[in-house]
Structures are given as C-alpha cells and as structure tokens.
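Chemist: Would you mind keeping the following structure in view while I ask a few things?
The values are calculated or read from the model by the stated rules, or taken from the named source; none is laboratory data. All of these numbers come straight from a predicted model, not from anything done at the bench. Note: ideal-geometry Cβ built from the backbone for every residue, glycine included; neighbour counts use all protein chains shown. When the accessible area is computed, the model is the full protein with side chains, heavy atoms only, and any ligands, DNA or RNA have been set aside. Shrake-Rupley method; radii C 1.70, N 1.55, O 1.52, S 1.80 Å.
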Amino acid sequence: MSNTTHTFKPSLPPPTLNVGVIGWLRTNLFSSVGNTLLTLVALYLIWLVVPPIFNWAFLQADWAGATRADCTAEGACWVFVKERFGQFMYGFYPAELRWRVDLTAVLAVVGAAPLFFDRFKHKARYGIALLVAYPVIAFWLLYGGFGLQVVPSSAWGGLMLTIVIAAVGIAGALPLGILLALGRRSSLPAIKVICVTTIEFWRGVPLITVLFLSSVMLPLFLPEGLSLDKLLRAVVMVVIFEAAYIAEVVRGGMQAIPKGQYEAAAAMGLGYWRTMGLVILPQALKLVIPGIVNTFIALFKDTSLVIIIGLFDFLNSIKRATADPAWLGMSTEGYVFAALVYWVFCFAMSSYSAHLERKLNTGHTR
Amino acid sequence: MQNTGNASPASGSFFTDPRKRAWLFQIVAVVIVVAIGWFLFNNTQTNLQHRGITSGFGFLQNSAGFGISQHLIDYTESDTYSRVFLVGLLNTLLVSALGIVLATIIGFTLGVARLSPNWLIRRLAGVYIETIRNIPPLLQIFFWYFAVLSPLPGPRQSLELGEVFFVNNRGLYMPAPVAAPGMWPFWIALLVAVVGSVLLRRWARARQHLTGLPFPVLWCSLGLLILLPGLTVVISGVPFDWDMPVLQGFNFRGGWVVIPELISIVMALSLYTAAFIGETVRSGIQSVSHGQTEAASSLGLRPGLTLRLVIIPQALRVIIPPLTSQYLNLVKNSSLAAAIGYPEMVSLFAGTVLNQTGQAIETMMITMSVYLAISISISVLMNVYNKRIALIER
C-alpha cells in the first residue's frame, strides 16, 4: 500500500491568443473585421505621412551653414531658423543688452521654483512678495532706467514680447475677471447690470476688432496730447478682453458651490468679503482650474493677433523673416518652428493644469 | 450678501446699515461709470472737432471706389460703402457657415474616434487633437496661406483633377452649375418629395403611437427624395449645364473660383475648431453612464438603436452648450482672415473703409455690432434649442 497523494497538475497557461502581445493586438487592433480594416487603413496613412515628414525634417535637412546657399539638400533648411534665432527670440532688442532679457527669464524661473515644492512652508507669503517685487524688477530690467540703458518698447519683439504680453495679460486678467464674476453674482442690481453688460460686450466681439479699437479709437477717447504706448494699449485690451472670459469661468465655479456654504459662512458671522475670500472663492477657483488654464492657453495663443496692429511678436518676427528676399521659400520651416514653440508652451500649461487638478482633487469623486 | 433683509439693525450709523450701504455702493458705481462715459465722450467730441471729422453715417452713401477680390453679390468700384458692408457681411457669413459645417463633421468624427475600441484610431485622434489645439489659429492660417497655397504652381502648370478641377496659386477652379431653361419640373418634384417625406414621417409617428408598429421612414423618404427628382431628370434631361473653367491666356475663365485666402481660412478654422468639438463630443458621450447602455440592452434594443434612441439624445444635452460656444468662437475667429487680406467684415470695414473715410467711430461701431448681433442671435437660438431638449426634472 503506497501512500497515495493527490498531486495537482500545474494550471495550464491561459490561451496564448488572449494574453501578451498577441492578446493585446487582438483586443485592441483586430477585434473584428471592421476594426482590422480600420487598423490597416490607419497604418497605411501613417506610412504615407510620417516617413516623408521625418525625412524632410531630419534625414534630408540642412543644419550647418550660414546662408541660403548652404541649403542644398532636399529637406528642411534649419539654417534659416538658426541664423534668425536671435531675432525670433528678442526682436530688435539691442544684441549687447539681451542678457537683461535672459536674466529676467532666469529670475522668473528661479523665483517661482520654491512655489512648486510642497515642503516649502511660507508659500503664501513668499508668493505675494514675489508678485509684488518681480514685476518691478522685470520692468526695470527690460525697459531700463535707474542706471540701465533705456530700451523703448518699440524695440521689444520676438518670443520675449509674446511672453511679456501673455504674462501681463494673465496677471491682470485673473483678478479683474474674479471681480467681474463677483459683480455678476452680486445682489446689488446696478453693479450686476454693469458687470453683465461688460462681460457680454467683450465676449461678443472678436479680439481683432478690440485691437483695432485700441489703435484707432483710443487716441480719440483720450485727452488731447496724451498718447499711450502701443504695447501698453494692446496689453490693456488683452487684459480686459480675457478678464471677461475668466469671469464666466469663475462664475461657473461659484454657481457650483452649494447654498449651504453661504449660509454656513453667514452663520459664522462673516461679512461679504470674508465669505467670498475665505469660503466661496477658494472652493470655486479650485473647481475651475481647468477652465482658467484653458483661458490662459487661449490668451497665449491670442497674443499672436497683435500682428494686426504691427507689434513684432514671435509670429510676426517669423512672418517678416520669411518675407526676407535673402531667405525666400522658407515659409514652411519658419511656421513649423513657430508651431513647435507655441505647442511646447501650450502643452506644458495644459499638462500642468491636469497635474494640478489631480493634486487638488481632495476626494469629492465617487 | 449685503441684503440680509430684516436682520438689519434698526438704528446705527449710516455705514453699519447694510441696506443703506448697498445703496451707497450702487450709486458710487453708477456715478463712476457715467463719469468715465462722459469723460470719453467729451474727449472724443473735442478730438473730432480739432481734427475736422464730421461724425454720422452719411459716408455710407458715398462711392467706395475700390475693388474687392471676392463678392457674393454684384459689386463694382462705383458702389456705395453700404454695399461694401453687405459684401463684407456676406463673406464673413460664408466663412462661418463653411467652417461650422466642416468643423462639425470633422469634430464629430474625431470625438467618436477618440472612443473607438481600436487603439490606433484612438491614439491618432488624440495626437491630432493635442497637436492642433495647442497651435494658434492665426499661425495655422499663415501656414496654409504662405507655406501650402502660395508655393503652388501658376495657372499654366495647374494641378488638375480629371480636367474638371484645377488648383493653382490663384485658387481652386471648379465647374459651376448653370440653371438650364426647362428645369421647373425638377424643382416641383423636389418640393413634392420633401413635403411627402415630412407627411410620411408624421403619419408613421402617429401610427407607431397607436399600434406600436414601426415604419421604415428613413429609407422611404430617401427613396422619395432620390426617385422623384431622378425621374424628372430621366424624362426631361439634366436640369443643369456645367460652366467649365477653361485656361485662357494667363488665367482660367468661367466656372467657380475659390480664392486661396478663402481656402486657407476655412481649412485652418475648421481643422482648429474640429479639435475642440472632438473633445466636446467625447466628453458628451462619456457623460452618459454605462448603466444606460445596459438598461437599453435589457429592454432588448439592438446596439444601433441604443445609440440612436438612448445614448445620443442624452449626450447631445451635454454637447450642445459647449458646441455653441465653439461655433461662436469660429465666427469670431473668422475675423483673423483680415491678416491675410480676405475681404470680410474686419478687413473691409475696420481696414479699408476706415482708412479711406477716417470715420473711425462709425466703422468700428458697425463692425463690432455685427459680431455682437451674430453672437447674441446664435446664443439665443441655442438657448431655445437647449430648453427644448433639457432634462425635465422633478
């Protein structure tokens, strides 16, 4: 009599067709006849489009040289972008003073860096100090005066000008937009009417007409002899225009706050400004971060419209460079480069907003 | 929160009474607004006087004296500025309409592709959306205009498609339908078919309410719409003659011409807006919970019917409001055409007419009120539609 023990057979592996690479392919690409067809068509399209573009942009492109004559290959002529890089970045900012622009940018990055670390304790105080100090320093560095050589704003240009307009626009539009949203939700009829009219007017007209307005009508509106800087006029218009959009986004957030929050704040004896500042706005703004960032992205893209009133922003400096007789036929290279730069900025903003949204999502999801 | 109603203290100083304070705030706000308005008005008056500009809309009756590269209505250089206004308005509306139709088609395709079970399709749609919506529309217009269409060959070396369509750096040439003389039976047949389908649909609906029997309305209407006009074509011949574009000298004559400015603006705007519409559609479809699909299939509805009767009506409710604002954005973005010289509202009126007449206030007012009017009417229309399809809650 031998001791019989039941030995289990080892389990069979799952069918090879359902797991691993093959399984993934079967479920995701070839699950049905229609899907297989779609996959094949898509693959064909990719094969049709991607290799030529890759060839053009990298394999057959010219990278070295200094003039148009150096571009002998079939593909892109990146020499053009390389040669004009300074102009694309700084516009007509004097070459020997460009370190000031660089320094401003470095200061912005270094100054803002502590805000991105969770361990940093005095975020709020530091942030406010930065908000007050940085614009003054940046203006001093960029414009000059007080010992620095003055560079008039008409010499500003390129990516630097785009970022200046966008940054000032964002910094100005957010508070103004919040105020307009508060006004629109106000229980005082006169203030409500004023805010609603303002918001709806600015949201109803295209930015181009607003910029036209700033260049042809503002001189008529202002007292004689007083003339504002072209850049300043454009920035003011961008701020008011985008503030109307921010206001609508913020209003959406405020409407989503349940009435109980207002009542609780009132029960605590908080007045209007404290109710809003301590209870409603912190919650509402958190809710609408994606909307606000989307408006910022729109603002960044909209800065390209200042071309209409003749400011030399990034897009305009590229457009002018492609019209240069020495570099004719470089439109594709120029605009592809421009698209890449704009894309990097906007994509970074939207990725950061998605990250922030995940971080601030303090568990209201079901 | 100023008006806390009856809770206000009966006495106390002026500033502690919320109701009086509310009045004060409002009066101050109104006074500030009126003061700013008066300040601007006053400055404008003085400035206009000093520059010797007479205000008023009289200039609209003057002869314009400049040519316009594309006009949907008859226009010559001797026509008035009010005619220019009409031309510009129609061109803006043309760009907007073409853009909205194309963007909707591409956008809905993208939205559905984003939710496809096919990984590759899903990814491709995602890459497209992330790329296109992060590039300024003006840059895209420039790209189409300066990098794609300008380098095309001249009329003599046109790219051609079946000797009917011609593409060159002056635009797209295609045959234009010209009404043939004896075409009235065709139109009558078409009218009968349309009216017939509407009646058929009504009858089928009433019958389904009464008996529960469905009727294949779609196929019958399609049959009507194709058969009846088709029959007249067979009997009395084709109702159109085609006006073919022909190369004469240095350019094409005849046919329809789509100028490159129009192609670039429509391409750029519809591709750009489609990326946003795609995301709108995706989130709309995703907002319909999976339980709805399960409920529908437990009722015995097939997948196609589930989509048509259960998913889409609920998804549309979420999609319509943001879709409206995308349409509005497209209309407003059509003003970007001014940057490449397409003759629409802004470039004609705020550009050329303003420069010629110097009537800054009037031209800007007209231009801006056109966009305001379009914006307001689209949002009113959409609100009505929204109310009709809104969820009726307890």
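Chemist: Determine one quarter of the surface area of the Cα convex hull of the protein assembly as shown, which equals its mean projected area, and express it in nm² to one decimal.
Modeler: 54.7 nm²
Chemist: For chain B, what number results from the quotient of the Cα radius of gyration and 2.2 N^0.38 Å? Please list the in-between numbers first.
Modeler: On the way: Rg = 28.3 Å, N = 394, 2.2 N^0.38 = 21.3 Å.
Ratio of Rg to 2.2 N^0.38 Å for chain B: 1.33.
Chemist: Another question, if that's okay. Where in chain A are the DSSP H helices whose C-alpha atoms run 15 Å or more along the long axis and whose mean Kyte hydropathy is at least 0.5?
Modeler: Span-like helices, by this rule, are A:33-54, A:98-112, A:123-143, A:158-184, A:189-204, A:230-255, A:289-302, A:331-360.
Chemist: Here is a follow-up. Over the Cα atoms of region A:88-151, what is the Rg over Rh ratio if Rh follows Kirkwood? Spell out each step's value before the answer.
Modeler: Numbers: Rg = 14.1 Å, Rh = 13.1 Å.
Using Cα coordinates only, the ratio equals 1.08.
Chemist: Quick one: Cα centre-to-centre distance for region A:55-89 and region B:24-85, in angstrom?
Modeler: 48 Å
Chemist: Using the Cα centre of region A:88-151 as the reference point, and only Cβ charges (+1 on K/R, -1 on D/E), how large is the resulting charge dipole? Debye, rounded to the nearest 20. Before the final figure, lay out each step's value.
Modeler: Values: 6 positive and 3 negative charges, 64 e Å.
Value, rounded to 20: 300 debye.
Chemist: Quantify how strongly other chains surround peptide A:52-64 by giving the mean number of their Cβ atoms within 10 Å of each of its Cβ atoms.
Modeler: 0
Chemist: Let's test the formula: R0 of 41 Å, r as the Cβ-Cβ distance of A:Glu357 and A:Lys230. What FRET efficiency results, to the nearest 0.05?
Modeler: Efficiency computed from Cβ-Cβ geometry: 0.65.
Chemist: May I ask you to order A:127-134, B:142-149 by the average number of other C-beta atoms within 10 Å around their residues, highest value first?
Modeler: B:142-149, A:127-134
Chemist: Kindly report the accessible area of the protein assembly as shown per residue (heavy atoms of protein chains, probe 1.4 Å, no ligands, DNA or RNA), in Å².
Modeler: Ligands and nucleic acids excluded, the figure is 56 Å² per residue.
Chemist: Let me ask something additional. Given an 8 Å cut-off on Cα distances and at least 6 residues of separation, report the relative contact order of region A:214-366 as a percent.
Modeler: Once divided by the residue count of region A:214-366, the mean separation gives 21 percent.
Chemist: Given the options A:Ala129, A:Trp140, A:Val236, identify the residue whose Cα lies farthest towards the positive end of the charge dipole of chain A (+1 on Cβ of Lys, Arg; -1 on Cβ of Asp, Glu).
Modeler: Toward the positive end, the furthest listed residue is A:Ala129.
Chemist: Under a Cβ-only charge scheme (Lys and Arg +1, Asp and Glu -1), can you give me the dipole magnitude of chain A about the Cα centre, in debye to the nearest 20? Can you show the working numbers first?
Modeler: On the way: 27 positive and 18 negative charges, 288 e Å.
Its charge dipole is roughly 1380 debye.
Chemist: Just which residues of region A:218-235 lose 50 Å² or more accessible area with every protein chain there, against their chain alone, with the probe set to 1.4 Å?
Modeler: Buried-area filter returns A:Leu220, A:Phe221, A:Glu224.
Chemist: Give me the summed buried accessible area for the B-A pair, 1.4 Å probe, to the nearest 100 Å².
Modeler: 4900 Å²
Chemist: Moving on to the next point. Calculate, in whole percent, how much of the Cα-Cα pair population of region B:259-394 lies beyond 20 Å.
Modeler: Working: 5672 of 9180 pairs.
Counting pairs separated by more than 20 Å, the tail of P(r) holds 62 percent.
Chemist: Shifting gears a bit: Compare the peptides A:192-201, A:335-344 by average per-residue count of other Cβ atoms within 10 angstrom and give them in order, highest first.
Modeler: Numbers: A:192-201: 17.1, A:335-344: 19.1.
So the peptides A:192-201, A:335-344, ranked by packing, come out A:335-344, A:192-201.
Chemist: Moving to a separate point now. Could you tell me the distance between the Cα centroids of region A:91-145 and region A:1-54, to the nearest Å?
Modeler: Distance between centres, Cα-based: 53 Å.
Chemist: Could you point to the residue in B:Thr352, B:Trp219, A:Ala95 farthest towards the positive end of the protein assembly as shown's charge dipole, with +1 and -1 charges on the Cβ of Lys/Arg and Asp/Glu respectively?
Modeler: In the protein assembly as shown, that residue is B:Trp219.
Chemist: Where Lys and Arg each count +1 and Asp and Glu each count -1, what net charge lies around B:Leu316 among other residues with Cβ under 12 Å from its Cβ?
Modeler: With Lys, Arg at +1 and Asp, Glu at -1, the neighbours total +3.
Chemist: Can you tell me, using C-alpha contacts under 8 Å and at least 6 residues apart, the relative contact order of region B:64-113 as a whole percent? Walk me through the numbers before you get to the answer.
Modeler: Details: 23 pairs, mean separation 14.2, N = 50.
Averaging sequence separation for qualifying contacts and normalising by length gives 28 percent for region B:64-113.
Chemist: If you don't mind, there's one more thing I want to ask. How big is the equivalent ellipsoid of region B:152-227 along its three axes, where each semi-axis is √(5λ) from the Cα gyration tensor, reported in whole Å from largest to smallest?
Modeler: The equivalent ellipsoid of region B:152-227 has semi-axes of 45, 17, 8 Å.
Chemist: Could you give me the percent of Cα pairs per 20 Å distance bin for chain A, shortest bin first, beginning at zero and ending with the bin that holds the maximum distance?
Modeler: 20, 44, 27, 7, 2, 0
Chemist: Starting from the Kirkwood radius over alpha-carbon pairs of region B:319-394, derive D by Stokes-Einstein at 10 °C in a medium of 1.306 mPa s and give it in µm² s⁻¹. Provide the component values of the computation, followed by the final result.
Modeler: Working: Rh = 14.2 Å.
So the translational diffusion coefficient is about 112 µm²/s.
Chemist: Go from 0 up to the bin containing the longest alpha carbon distance in region A:152-360, width 10 Å each, and give me the % of pairs per bin.
Modeler: Using 10 Å bins, I get a P(r) of 8, 28, 31, 20, 10, 3, 1, 0 for region A:152-360.
Chemist: Still on this structure: Among the residues of region B:114-140, which ones have their accessible area go down by 50 Å² or more when all the protein chains sit together, as opposed to their chain alone (1.4 Å probe)?
Modeler: Residues of region B:114-140 that lose at least 50 Å² of accessible area once the other chains are added: B:Asn118, B:Trp119, B:Leu120, B:Asn134, B:Pro136, B:Leu138, B:Leu139.
Chemist: Within 10 Å of each Cβ in peptide A:198-208, how many partner chain Cβ atoms are there on average? Round it to a whole number, please.
Modeler: Going residue by residue through A:198-208 and averaging, the value is 6.
Chemist: Further question on the same structure: Can you name the helices of chain B, as whole DSSP H runs, whose Cα span along the helix axis is 30 Å or more and whose Kyte-Doolittle mean is not below 1.0? Write down the numbers at each step before the final one.
Modeler: Working: long enough: B:18-51 (49 Å, 0.38); B:81-114 (48 Å, 1.67); B:184-211 (40 Å, 0.69); B:260-286 (39 Å, 0.94); B:360-389 (44 Å, 1.08).
Within chain B the helices that satisfy the rule are B:81-114, B:360-389.
Chemist: Please give the peptides B:324-333, B:270-279 ranked by average Cβ packing (other Cβ atoms within 10 Å per residue), highest first, as a rough proxy for protection.
Modeler: Packing order, densest peptide first, comes out as B:270-279, B:324-333.
Chemist: Can you give the convex hull volume per residue for the Cα atoms of region A:11-145, as a whole number of Å³?
Modeler: Looking at region A:11-145, the number lands at 264 Å³ per residue.
Chemist: Got the relative contact order for chain A handy, in percent, Cα pairs under 8 Å and 6 or more residues apart?
Modeler: Over chain A, the number comes to 17 percent.
Chemist: Using a 1.4 angstrom probe on protein heavy atoms only, which residues from region A:270-291 are buried by at least 30 Å² of accessible area when all chains are present rather than their own chain alone?
Modeler: Relative to the lone chain, where solvent access is computed with a 1.4 Å probe, region A:270-291 loses at least 30 Å² at A:Tyr272.
Chemist: Another question, then. Taking Cβ-Cβ under 4.7 Å as the only way to count a partner, pick out the unpartnered cysteines of chain A.
Modeler: Singleton cysteines: A:Cys195, A:Cys346.
Chemist: Would you tell me the mean number of C-beta atoms belonging to other protein chains that fall within 10 Å of each C-beta in B:166-178, as a whole number?
Modeler: Whole-number average of other-chain Cβ neighbours for B:166-178 is 0.
Chemist: First compute the accessible area of region A:241-366 with a 1.4 Å probe, then give the percent of it belonging to carbon and sulfur atoms. Mind dumping the intermediate values first?
Modeler: Working: 3650 of 5790 Å².
Carbon-and-sulfur percentage of accessible area, whole number: 63.
Chemist: When the accessible area of region A:15-112 is computed with all protein chains present and a 1.4 Å probe, what percentage of it is carbon and sulfur?
Modeler: Ligands and nucleic acids excluded, carbon and sulfur give 73 percent.
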